[in-house]
Amino acid sequence: RLSYQKNFSLFLDVAARVLADHPQAYFAIAGTGDEDAALRQKAKDLGIESRLKFLGFVSDMRALYPAADVLLLTSRYEGLPITILEAMATGTAIVSSNLDGVQEVLRDGEDSALVTPGDADGFAQRLRALMDSPALGERFRRAALAKVRSTYSAEAATRAVESIYLKYLQVPVPQAIASSGSRL
C-alpha cells in the first residue's frame with residue numbers, strides 16, 4: 001500500500017542518498033494507494049526516476065523477492081509485517097524500521113539491519129553497508145532463512161500445536177477419579 005503508514009517518501013529519500021554513492025543501484029516499489037502520484041512526483045524531483053520502478057499491484061510478492069538483493073521497509077508503524085516473513089523465507093536480506101512487530105522476528109546485526117524509524121541517513125548507511133559487503137548480506141540471508149524455517153514454517157506451527165495437545169493429553173487423572181474405580 002502506498003500510504004502514510006508505509007512511509008515511501010522516506011524510501012525515496014533513502015534511494016536518493018544511496019544512488020549518490022552507488023549509481024548502479026536500482027529500486028522498485030510494489031503497491032498502489034493514495035500517495036502514488038505524490039511519490040512519482042517526488043522521484044522526479046529527486047532526479048531518481050530512471051533508477052526506480054513503480055510496479056503497481058503485485059499479486060504474488062513471493063515471485064518478486066528472488067529478484068531483489070534487499071528488502072527496504074521504511075514503515076512508520078507495523079504489527080508483524082508479512083512482507084518480513086516472506087523476504088526471510090525467500091532468502092532476501094532486510095533493512096527495516098526497528099518497530100515492535102519487526103523486533104518480534106528480527107535481530108539487528110544478526111539476521112537484518114534495523115534502523116530507527118524515520119532516520120534516512122541511518123537507512124542509507126545500513127543499505128550501503130549491505131551493498132559494499134556481499135558477505136554481510138549473505139550472513140543476514142542465511143540467518144533469517146534458518147529462523148523462518150525453524151520458527152514460522154508450517155512444520156514449526158504444526159509442532160507447536162502438537163506440543164500443546166500433548167501437554168494437555170498427558171495431564172494425570174485426578175486422584176479422586178482414579179481411586180473410585182471409574183472409567184473415563
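For region 152-162, give me each residue that is over 18 Å from Ala93 (Cβ atoms) and not hydrophobic (A, V, I, L, M, F, W, C).
First, pick out the residues of region 152-162 that are over 18 Å from Ala93 (Cβ atoms): 153-162.
Of everything in region 152-162, those that are over 18 Å from Ala93 (Cβ atoms) and not hydrophobic (A, V, I, L, M, F, W, C) turn out to be Ser153, Glu155, Thr158, Arg159, Glu162.
Sort out which residues of region 2-57 are part of a strand (DSSP E or B) and either farther than 24 Å from Asp132 by Cα or open to solvent by less than 30 Å² (accessible area, probe 1.4 Å) (or both), and write them in order of number. Phe27, Ile29, Ala30, Leu52, Phe54, Leu55, Gly56, listed by residue number.
Quick one: in region 58-107, which of the residues that are farther than 19 Å from Ser3 by Cα and without any contact (Cβ under 8 Å) to a residue 24 or more places away in the chain is most open to solvent (accessible area, probe 1.4 Å)? The qualifying residue most open to solvent (accessible area, probe 1.4 Å) is Asp100. Pairing residues of region 152-169 that are without any contact (Cβ under 8 Å) to a residue 60 or more places away in the chain with residues that are part of a helix (DSSP H, G or I), at Cβ distances under 7 Å and at least 6 apart in sequence or on separate chains, gives Ala156/Ser150.
The values are calculated or read from the model by the stated rules, or taken from the named source; none is laboratory data. Fair warning: this is a prediction, and the values are worked out from it, not measured in the lab. Methodologically, a virtual Cβ is constructed for each residue, glycine included, from the backbone with ideal geometry; neighbour enumeration extends over all protein chains shown. Just so you know, the surface numbers come from the protein's heavy atoms only, side chains and all, with ligands and any DNA or RNA stripped out. Shrake-Rupley method; radii C 1.70, N 1.55, O 1.52, S 1.80 Å.
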